[in-house]
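Student: Please read through the structure below; I'll follow up with questions.
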Amino acid sequence: MADARRSKFSVLMVAGFDRLARSTRHFLQTLDELNGLGVEFISAREAVDTGGPMGKLFLTLIGSISELEGELIRERIRQGMRRRRLEGFRLGRVPLDVDHQSLVRDRRSGMSLTQVSKKYGVSRASVVRFAREVMKGESAQVGGFQQASVQMAVECLSRRDG
């Protein structure tokens, strides 16, 4: 829209009405603004002249139908997910059944990312992610140990000085 306001183009071509806006109201506001800026609107899928009053009527109808279709699809998906949860099915991917500790141990022993990923049947990215998670857990333990040591040292010094 910023480029349209700067008059960088005179024609806006989209694949379909639904690619321009998510709601009919937003779609019509955008078309009004484009029309006010002198930008012609063309949709490749819907061959409708958007210039006259009949074109605006068609735009409103098609935009409303597209919005309704999107809402119906979203509601069907939500209902399907709700039903699957009630039936006790898991939604989303099944977690990888991998021994993270041995995977990290192999990686630290010098095996390459590719070798470890092939051995455990996971992607190289998963190997990196698992290794980072284990290292992060270890650093938290080490950090907690160091923090406790510092607190103990401070207490000893304060007792000695006091």
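Student: Under 26 Å between alpha carbons, and skipping anything fewer than 8 positions from Lys118 in its own chain: which lysines qualify?
Tutor: Partners found: Lys136.
Student: Now, a different point. As an exercise, use a Förster radius of 41 Å and the Cβ-Cβ distance of Ile73 and Arg108 to find the FRET efficiency, rounded to the nearest 0.05.
Tutor: 0.30
Student: Considering the options Leu68, Ser7, Phe41, tell which one lies farthest towards the positive end of the dipole of segment 2-86, charges being +1 on Lys and Arg and -1 on Asp and Glu at the Cβ, about the Cα centre.
Tutor: Leu68
Student: Please give the charge dipole size of segment 2-86, origin at the Cα centre, charges +1 on K and R Cβ atoms and -1 on D and E Cβ atoms. Round to the nearest 20 debye.
Tutor: Dipole magnitude for segment 2-86 comes out near 760 debye.
Student: Listing Phe130, Phe9 from the residue with the fewest other Cβ atoms within 10 Å to the one with the most, what is the order?
Tutor: By the 10 Å Cβ count, ascending, the order reads Phe9, Phe130.
Student: What number do you get for segment 1-49 when its Cα radius of gyration is normalised by 2.2 N^0.38 Å, N = residues?
Tutor: Numbers: Rg = 10.4 Å, N = 49, 2.2 N^0.38 = 9.7 Å.
Compared with the compact-globule rule of thumb, segment 1-49 sits at 1.07.
Student: Counting other beta carbons within 10 Å of each residue's own, what order do Ser7, Ser43 fall into, fewest first?
Tutor: Ascending Cβ contact count within 10 Å gives the list Ser7, Ser43.
Student: Mean separation of Cα pairs under 8 Å and 6+ residues apart, divided by the residue count of segment 1-43: what relative contact order is that in percent?
Tutor: Details: 34 pairs, mean separation 23.4, N = 43.
Computed value for segment 1-43: 55 percent relative contact order.
Student: At q = 0.15, 0.20, 0.25 Å⁻¹, what log₁₀ I(q)/I(0) does a Debye calculation on the Cα points of segment 1-82 give, no solvent, two decimals?
Tutor: -0.56, -0.88, -1.24
Where a number appears in this text, it was derived from the coordinates with a stated rule and is not lab data. Keep in mind that this is a model prediction, so the values were computed, not measured. Cβ sites come from the backbone with ideal geometry, for glycine too, and all protein chains shown count toward neighbours.
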